[in-house]
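Below is one structure, written out as structure tokens, with a few remarks after it.
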Amino acid sequence: MLPYATAPEAEAALGRAMTRAEAAWLRYSASMPDHLLYCHNVAILLLLYTLAPLPLALLELRARAAPDGVAAAVMRPSTYKLQPRAHLPPAAFVRCYLDTGRVLLLTVGALSLVSYPAVKMVGIRTGLPLPSAGEVAAQMLVYLLVEDYLGYWIHRLLHTRWGYDNIHRVHHEFTAPFGYAAPYAHWAEVLILGVPAFTGPAIVPCHMTTLWLWFLLRHLEAIDIHSGFNFPFNPTKLIPFYGGADHHDYHHRVGGQSQSNFSSVFTFCDHLYGTDKGYRYHKASLEKTSIC
């Protein structure tokens, strides 16, 4: 809850006039408990999980029903589908959505009710001023790098025999991933992967709005790499070292025995530790086949 309730009080504390964004934040959060602001993450996550993968699901279903023919092949979604022969019935999408939603509520939802003291302890703030665009961008970069590195090693541990058989196998039920399958996992994995996601904000504390943005961005990235489509016009292709759907789809295609492509965001950990050799061999084989 902010220590001031009116615009004059806030501007007196800031020593300047508020921006429009700060005025809007004051109106929204002045009388709202900080714990409730933190719990917004759950609503944001569930709303994003419901809506963001929906276009991909519709493309998947359209690719399944697309007509044959040369002219149709140019336009149908399967042109960009990484595993064009793999198709799921609508019931699989519904089951995945309901199972994942239940797990998210029981893990992320329950955790949000008890974890706010830790959020407050590390210095996540809710007051004014709001962070600048440059500050937010720098924090996002730090969070991505920290999460990618820690997530890489946790992912490798989940591919040990015990980790896979007892936890990670749930996420690999879908060998041809799709958007709704991004957070589809054992409840323990959801909690474990929350550690690298929160470590960045714990090291470099941010504003609550930045924390919302970070979890939103992280979930969008997970949906992107599990999309099952490799669109040439995807703006993420402009991001240096970004793995993307093609990189992660190979990991799922190989399945539980995969010892390749563990990184969730960037590719340099896989390259540095030699866990992209199978993927690079696969890409080289495809290039030779296309030349021949």
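No lab work stands behind these numbers, since they all come straight from the coordinates. For clarity, every value in this text was computed on a predicted model and none was experimentally measured. No Cβ is skipped: glycine too gets one built from the backbone with ideal geometry, and neighbour counts run over all protein chains shown.
Some points to look at:
- When the convex hull of its Cα atoms is projected in every direction, mean area for the chain (nm²): 17.6
- Label sites at Lys237 and Arg62, each approximated as a point 7 angstrom past Cα along Cα to Cβ, lie 1.8 nm apart.
- From its DSSP helices (H runs of at least four residues, each -39,500 (n - 2.57)), the chain gives a residue-normalised ellipticity at 222 nm of -19000 deg cm²/dmol.
- Of the DSSP H helices in the chain, those whose Cα atoms cover at least 18 Å axially and whose Kyte score averages -0.5 or more: 34-51, 90-104, 133-158, 187-203, 208-225
- For Phe266, residues with placed amide H under 5 Å, excluding near neighbours: Gly243
- Additional length obtainable on full extension of the chain from Ala118 to Leu98, 0.36 nm per residue less Cα span: 4.2 nm
- Distance from the range 17-31 to the range 134-162 (C-alpha centre basis), Å: 32
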